[in-house]
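Peer 1: The structure that follows is given in the form of structure tokens.
The values are calculated or read from the model by the stated rules, or taken from the named source; none is laboratory data. Worth saying up front: this structure is predicted, and the values here are computed from it rather than measured. When we count neighbours, we look across all protein chains shown, and the Cβ atoms used for this are built from the backbone with ideal geometry, even at glycine. Accessible surface is based on the protein model in full, side chains and every heavy atom, while ligands, DNA and RNA are left aside. Shrake-Rupley method; radii C 1.70, N 1.55, O 1.52, S 1.80 Å.
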Amino acid sequence: MTRKLIIATLIIFFNCQLSIVNTVSAYDYKDPDAVQAAMALLIHHQSTNADTIAKEISQRFKKSAAMQTALGRAYYRNNMRETTREYLAKAYKADSTFAPAYILHGDMYAEWAVDSACIFYDKAIACDSMNADGYIHYANAMAIKDMDKAKARLEDLRRVRPDYNVDLEIANIYNKRGDDAHAAEAMANVNVNKLTMNQLAKYAQNLYWSNNDEKAIEIAKLGIKRFPQNKGFNRLYFWSASRSSAWRIAKEQGDIWFNATPVDSLNSIDLFCMGSTQLGLGYTDKAFETWAGIANKDDYFAPQMRGQITRVVRKLVDENKQQGRWATAIAMYERFMATYPSKDQAYQLYQLSNIYRDKAGEENGEEKVATIRKMFEIYEKIENEYPRWENLNYVLYTHARWTYAYFDRDNSKSLARPYYEKLYEFLSGKDEPTDQDKAMIVEACQYLGSDSYFQHHNLADARVWWRRILLFDPDNENAKQALDKIKK
């Protein structure tokens, strides 16, 4: 009789009479794993016959430490510790050197008394040094407080069992600790061609979460080849390719994953990566439509997606800028601002103005002037709507300088004056202006003093501005000379 059939038969006990026990041969009951699984299920469903059946099996195999331990493990899985102890006592009586009994005993302490648990695990190792479970349970328990000791015990296992895949166990421990980078590092020593589907998938995940996209793609490709039925490998390939900006490959693998997965089963990372891929391929509207679906997801990663979207938009804006696709960069960022307005909208506007500023740096003539005017429109919006924004000085400074440089080079119209006045007012009101602030203040006062003197012939006003320079830069020779000239 197969293990599944044994379990199914035992489950029937939940609804039938104890006499059914006799329909299963003694040979079948010699499979402790099957008995443990079936008994755990019976106990979980609170079968009134569970205890009676366990006692019947225990009595039938009272000299089997394996069977007594299996029954104890079933009760342990259902958090019935006292009954677990009863069957452990029977296991020790049957065979005081049975390693799995000591392992079960250690498990009872592992969550709250690591050192006590490890004493029992060491006893299991002493009873059977070739049984890997003792080393593995010890390492998993000890990793909570001392990872070096945990790994040392697994190295003991490697020495006695050079055939055992110890690096995989080390990786498993790091996985439980959420340390993807070290898990992936351990897996690098494993023969990947011998890994099961789940082990290979976990390795690919570790690589992705530790930002090793090149290796993650390599393992995902291997997974697709060995286990084509598992579209999860296509998913990891899709994720890593998207983060690597390999947009066409990402789209191909993403489509495979999306087509194989119900919409409700897609998570926020899936939607984020697909939206990023679409944006990377130039499908801006489609990208933001895809990202909108994240709002309907409540998985662990959803709250992080806005920040991720912000980063990928900035990255793609920069890429478009570098390639001279200014209209695309501007349209992309404007769509981002409209879809994801920030609490600090002045900052978003300033970022948009910087795109225009960089564009102007690549242009000449009337085209350059037109771009600067667009930038100034944004500056005026910031200045009017966010007069107390903490970084307003950068806007005012650039506005003043570029107005002077491009629209009033001889300063005949004093066009930069209102921006320098606002700049001075804003910075001089700071309790502790930085050295950069002071340099801006000096420049503003220098302009305003000269403008008052040369353009408006206002000596009193000029004197005020030049004196203010000395308040922030007492050794400023230009201000001293100007004041001396006025005296004469």
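Peer 1: How many residues does the range 258-277 contain that are more than 21 Å from the chain's Cα centre (by Cα) and part of a helix (DSSP H, G or I)?
Peer 2: 5
Peer 1: Identify the residue in the range 354-366 that is open to solvent by 60 Å² or more (accessible area, probe 1.4 Å) and assigned to a helix (DSSP H, G or I) and, among all such residues, is farthest from Trp291 (Cα to Cα).
Peer 2: The qualifying residue farthest from Trp291 (Cα to Cα) is Glu366.
Peer 1: Follow-up. Considering every residue within the range 423-438, establish whether at least one is more than 20 Å from Leu483 (Cα to Cα), surrounded by 15 or more Cβ atoms within 10 Å (Cβ to Cβ) and small (Gly, Ala, Ser).
Peer 2: yes
Peer 1: Name the residues in the range 408-435 that are within 26 Å of Thr371 (Cβ to Cβ), in a helix (DSSP H, G or I) and without any contact (Cβ under 8 Å) to a residue 12 or more places away in the chain, would you?
Peer 2: Selection gives Pro418 alone.
Peer 1: Also, quick follow-up: If you go through the range 191-239 one residue at a time, how many are modelled with pLDDT under 95, open to solvent by less than 20 Å² (accessible area, probe 1.4 Å) and among the polar types (S, T, N, Q)?
Peer 2: Number satisfying all stated conditions: 1.
Peer 1: Considering only helices (runs of 4 or more DSSP H) fully contained in the range 37-138, which possess at least 3 residues that are within 42 Å of the chain's Cα centre (by Cα) and of a type in the set (Val, Ile, Thr)?
Peer 2: Output list reads 114-127.
Peer 1: Answer with yes or no whether Gln351 is closer than 26 Å to Tyr406 by Cα and assigned to a helix (DSSP H, G or I).
Peer 2: yes
Peer 1: Follow-up question, since we're still on this one. If Met375 meets every condition in (1) open to solvent by 20 Å² or more (accessible area, probe 1.4 Å); (2) assigned to a helix (DSSP H, G or I) apart from one, which number is that one?
Peer 2: (1)
Peer 1: Something else now. Conditions: (1) open to solvent by 20 Å² or more (accessible area, probe 1.4 Å); (2) more than 38 Å from the chain's Cα centre (by Cα); (3) of a type in the set (Asp, Glu). Glu385 meets all but one. Number of the miss?
Peer 2: Of (1) open to solvent by 20 Å² or more (accessible area, probe 1.4 Å); (2) more than 38 Å from the chain's Cα centre (by Cα); (3) of a type in the set (Asp, Glu), only one is false for Glu385: (2).
Peer 1: Another question, then. If I filter the range 449-460 for residues that are at pLDDT below 95, open to solvent by less than 50 Å² (accessible area, probe 1.4 Å), in a helix (DSSP H, G or I) and of a type in the set (D, E, K, R), do I get at least one hit?
Peer 2: Yes, the conditions are met somewhere in the range 449-460.
Peer 1: Cβ contacts < 6 Å: first residue closer than 16 Å to Tyr394 by Cβ, restricted to the range 336-348; second residue at pLDDT below 95 and not in a helix (DSSP H, G or I), any location; separation 6+ or different chain. Result?
Peer 2: If the second residue must be at pLDDT below 95 and not in a helix (DSSP H, G or I), the pairs left are Gln348/Ser342.
Peer 1: Quick one: which residue in Tyr379, Tyr394 is out of contact with any Phe, Trp or Tyr (no Cβ under 6 Å at 6 or more places or on another chain) and touching a residue at least 40 places away in the same chain (Cβ under 8 Å)?
Peer 2: The match here is Tyr394.
Peer 1: Here's another thing I want to ask about it. Test Asp148 against the criterion of being more than 29 Å from the chain's Cα centre (by Cα), of a type in the set (Asp, Glu) and either open to solvent by 20 Å² or more (accessible area, probe 1.4 Å) or more than 19 Å from Arg73 (Cα to Cα) (or both), and give yes or no.
Peer 2: Judged against the criteria, Asp148 is not a match.
Peer 1: While we're here: State all residues of the range 299-329 that are open to solvent by 80 Å² or more (accessible area, probe 1.4 Å), of a type in the set (D, E, K, R), touching a helix residue (DSSP H, G or I) at 6+ places or on another chain (Cβ under 9 Å) and closer than 17 Å to Asp270 by Cα; if no residue qualifies, say none.
Peer 2: Selection gives Arg306 alone.
Peer 1: Identify, by number, the condition in (1) modelled with pLDDT of 85 or more; (2) surrounded by fewer than 20 Cβ atoms within 10 Å (Cβ to Cβ) that Ile11 doesn't meet.
Peer 2: (1)
Peer 1: Provide a single number: the residues in the range 175-190 that are part of a helix (DSSP H, G or I) and open to solvent by less than 20 Å² (accessible area, probe 1.4 Å).
Peer 2: 4
Peer 1: State which residue is farthest from Glu319 (Cα to Cα) when the search covers only the range 272-284 and only residues that are open to solvent by 20 Å² or more (accessible area, probe 1.4 Å) and touching a residue at least 24 places away in the same chain (Cβ under 8 Å).
Peer 2: Going through the qualifying residues, I end up with Phe272.
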